[in-house]
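What follows is a short report on a single structure.
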Amino acid sequence: MTSGTDPFTPPHPEQARVQRVYASLFRIAERHAATDEQRGRQVHPSAIGPHEAVRLVTFLLSGAATLDDGEPEVDHADITAALSLVPLVRGEMDALEAGLLRMARGRGMTWQEIAFGLGLGTAQAARQRSERLAERAETDPESPE
C-alpha cells in the first residue's frame, strides 16, 4: 500500500511539505488575493509567490493592509499556511543573498565593503556569512537554486 491509502504509514516528509506549500499558496491566494484590487497589494499582481503570501498575511494581521468588503478574516489556517511557507521564503532569501555576495565580489568589492553593507563588523564576518550561505544553498532541499 502507498502512504496515501494506508492510514498507518506516515507520509513522506518531502512530499507532505511540497503539498503543504502548494496548498498554502492556493489558500492564501483564494482567500486574500482573488480580486484585482487584492492582487494589487502584492509585488507580482498576476500570481502570488511564497514571500508575498507570507507578507500579505502578516500585513493583514498587523493592520498594514485592510480587508476588502466580503474578504474573510485571517484565521488560524491562514496563519498556519503562511508559517508553512517561511522555510521556503528563507531559502529564497538565502539564495538571493548568496548570489548578491558572489556578484559583489565579482565586481571587485572587498569583504570589508560587503561587511559594511551587511551591517557586520569585520571582513571575516562577511566572508564567513558568505561561506555559510553557500553551504546552506548546497545542502538545503528547499533552496530554489
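Restricted to segment 19-45, and to residues there that are modelled with pLDDT under 75 and either assigned to a helix (DSSP H, G or I) or of a type in the set (A, V, I, L, M, F, W, C) (or both), the residue that is surrounded by the most Cβ atoms within 10 Å (Cβ to Cβ) is Arg39. Reported count of residues in segment 46-73, each being surrounded by fewer than 20 Cβ atoms within 10 Å (Cβ to Cβ) and of a type in the set (A, V, I, L, M), is 5. Kindly evaluate Gly121 against the criterion of being assigned to a helix (DSSP H, G or I) and either open to solvent by less than 40 Å² (accessible area, probe 1.4 Å) or touching a helix residue (DSSP H, G or I) at 6+ places or on another chain (Cβ under 8 Å) (or both). When the stated conditions are applied, Gly121 does not pass them.
The values are calculated or read from the model by the stated rules, or taken from the named source; none is laboratory data. Note that this is a predicted model, so its numbers are computed, not measured. Ideal geometry is used to build each Cβ from the backbone, glycine not excepted, and the neighbour counts take in all protein chains shown. Please note that ligands, DNA and RNA were not included when accessible areas were found on the heavy atoms of the full protein model with its side chains. Shrake-Rupley method; radii C 1.70, N 1.55, O 1.52, S 1.80 Å.
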